[in-house]
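The values are calculated or read from the model by the stated rules, or taken from the named source; none is laboratory data. Here the structure is a predicted model, which means the values were calculated and not measured. Cβ atoms come from the backbone with ideal geometry, glycine included; neighbour counts cover every protein chain shown.
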């Protein structure tokens, strides 16, 4: 009986190694032959879109969970965040009554329209995304160019986007005009 178990385990291990090698060979084949179309003018397959989206969401949740988000945000933080958002984010993510820039329509994956999507993210997750960006998505990391306090302001504002009217959006972020990089 012990001998049969050993043979079985060797077979499972051998099968796993063989599957890993075949997977590696397939990846190398795709990489070196150009079999996968990387053009931004053609959307990903549903499986690849699901894989990227699921990986991104779970990666952000796992890393942002370690952050201590403020329990509430002030009106001043929201207004400051609006100014940063309009300068750095609006061209890709749009806003209430404002469409994304024409050039951003050619990005794949399409940047989320945050008026709808912000409701699905916690403030610490928004902060993490803005600070660290997302690889291979055109979402830059602003952590090197902005202080954490400024990024929390952006997170505070983004969380206000769902339900915000176009006139409320237009009024925010125009008070100071002090946004600098």
**Complete:** Taking the range 99-120 and the residues there that are in contact with a helix residue (DSSP H, G or I) (Cβ under 8 Å, 6 or more places away or on another chain), in contact (Cβ under 8 Å) with a residue 40 or more places away in the chain and part of a loop (DSSP other than H, G, I, E, B), the one that is surrounded by the fewest Cβ atoms within 10 Å (Cβ to Cβ) would be 107
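Could you tell me whether residue 83 is crowded, with 17+ Cβ neighbours inside 10 Å and assigned to a helix (DSSP H, G or I)?
yes
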**Asked** Name the residues in the range 20-76 that are under 24 Å from residue 108 (Cα atoms) and not in a helix (DSSP H, G or I), would you?
**Response** 34, 35, 36, 37, 38, 39, 40, 41, 42, 43, 44, 45
**Fill in**
Only one of (1) within 16 Å of the chain's Cα centre (by Cα); (2) not assigned by TED's automatic domain parsing to the domain that holds residue 159 does not apply to residue 59, and that is (2)
